[in-house]
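Data block below; observations after.
Every read-out reported here was derived from the displayed coordinates using simple, explicitly stated rules and does not represent laboratory data. On a predicted model such as this, the values are computed, not experimentally measured, just so you know. A quick note on method: Cβ atoms are made from the backbone with ideal geometry, for glycine too, and the neighbour counts reach across all protein chains shown.
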C-alpha cells in the first residue's frame, strides 16, 4: 500500500491500492477528499479505517474471513505472523526466506502493528476483517 515506503499513505498510494483491487478510474477529487478527511498524515491504522469507509465493491467480509481462515487451522479466529511466514515459504508459490522477509513479512508486521496481537502473539483477524469492510472497529 505504501508504494514509496515512507510510512504514510498519500494520494498516489491510494490510487495504486484502488487499482490493485480492480477500481481503476478513481477520480482525483475523490482521492483528495479522502486525504483531506484524515486528521493528519495517513498511517496504516488511519488508512484501514478510511479505506473501509470508501471502498465500493470489495469482497464481502465473509470472503476476507475465509482467506484468513486458511492460516487458522484450529478455527480459533487468530493467526500468528510466524505461521503466515512459514506457510508462504512452504505452500503454493513457495517464497524464499529472503523474499518473505523483504517483500511480504514487512506488510504482515505492519498489519500486526496496526492490530496488535494478544499476549500469545495472536492476531484477531475477525476484527481486522470488520475494519477492512466496515471502516471502524467493533465496540
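So, in nm, how far is label residue 12 from label residue 69 when the simple model puts each one 7 Å beyond its Cα toward the Cβ? The two pseudo-label positions are separated by 4.0 nm.
In plain terms, the bigger the Kirkwood radius, the slower the diffusion; for the stretch 11-54, with that radius from Cα pairs, at 37 °C and 0.692 mPa s, Stokes-Einstein puts D at 311 µm²/s. Label-to-label distance, residue 119 versus residue 134, with points set 7 angstrom from Cα along the beta-carbon direction: 2.7 nm. Pairwise inverse Cα distances across the stretch 61-134, averaged and inverted, put the Kirkwood hydrodynamic radius at 12.7 Å.
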